[in-house]
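Right, one structure below, let's go through it.
The values are calculated or read from the model by the stated rules, or taken from the named source; none is laboratory data. Given the structure is predicted, the values throughout are model-derived calculations rather than measurements. Counting neighbours? That spans all protein chains shown, and the Cβs are built from the backbone with ideal geometry, glycine included. Note: accessible area is taken over every heavy atom of the protein model, side chains too, but ligands, DNA and RNA are not part of it. Shrake-Rupley method; radii C 1.70, N 1.55, O 1.52, S 1.80 Å.
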Amino acid sequence: AAILDEERVPANVPNAVWLTIPTTRLRGPEARPDNVWLRECLERMTGLKLTGQHRGGEWGAVLVAEWHITEGGSKARILIPPAGVHALRSPGNFVKIETTAAHRLPPHARRLYALLADRKRQREPYAQWGLDNLRGLLGVDDKRSYDVWAQLAKRVLTPAVEAINDYGTVRVKMTPVKSGRSVAAVRFDWQWKDPHEATETVAENERHSAARRKEQASNGAPPIIEDEEQTEPALTWWGKLRNAEREEWADRVGRVLRTEGPG
């Protein structure tokens, strides 16, 4: 994974990738000087199977497709299939997603995301909370309007679930649980994204907010950004300047202020 990162191999690649790595690096500084254990590890890695679901279909692969120890045992050439690259790069992708979610998710969504992540660590496939308990966990138990299920769902839960599904590492489904005619609890079922979906989420999260989930005219086109109309003529003028022009104006304004300011 470190070599993939150093060589700037993207997580989403159409073809398998050959990596040439010094065997001393793979063995580690405290390891025995021969490649006996390294060969055993490479053989095990060719038997590691990867599976998942992506866009309604299932997929399977191996982590390492082929390996060779060359140059008298000093180098290892390892063939990583596309799904293997996804798997090896996914920890970094998930870290990026979590960081983005922490900053971009609204407060209610962040709290719900933390609750789901805690249940994930406990290896639970779903969670269910009573309404009173859920209001407390989300920090809205002091707002009387959210005692009404329709208002809680509309203004808190539905926007939170939509934001998590958009920015986060998980797909969440919310289901009201009724007692008679009234909603007594809420069940959340989730499925954590596989490496393919994580890669797509990272790409979307790195786009301008106005361009998210919009198709590009071509792969080589710059990101779609819909500029909001500026009400101030000065802001419109400033937005059309190139970076060099902005720096020149900023420097000029700074000189004027220093010359004409107090003292």
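Taking the range 1-25 as the range and being within 21 Å of A61 (Cβ to Cβ) and over 19 Å from the mean Cα position of the chain (by Cα) as the test, the residues that pass are I3, E7, P14, N15, A16, V17, W18, L19, I21. All conditions but one from (1) touching a strand residue (DSSP E or B) at 6+ places or on another chain (Cβ under 9 Å); (2) under 27 Å from R171 (Cβ atoms); (3) open to solvent by 40 Å² or more (accessible area, probe 1.4 Å) apply to E43; the one that does not is (2). Against the numbered list (1) modelled with pLDDT under 90; (2) not in a loop (DSSP other than H, G, I, E, B), V156 comes up short only at (1). Just for helices (runs of 4 or more DSSP H) wholly inside the range 1-69: which have at least 1 residues that are of a type in the set (S, T, Y)? Here the list reads 23-27, 36-46. Given the condition touching a residue at least 60 places away in the same chain (Cβ under 8 Å) and either under 24 Å from the mean Cα position of the chain (by Cα) or assigned by the TED database to the domain that holds G72 (or both), answer yes or no: does some residue in the range 39-46 qualify? No: the range 39-46 contains no residue that is touching a residue at least 60 places away in the same chain (Cβ under 8 Å) and either under 24 Å from the mean Cα position of the chain (by Cα) or assigned by the TED database to the domain that holds G72 (or both).
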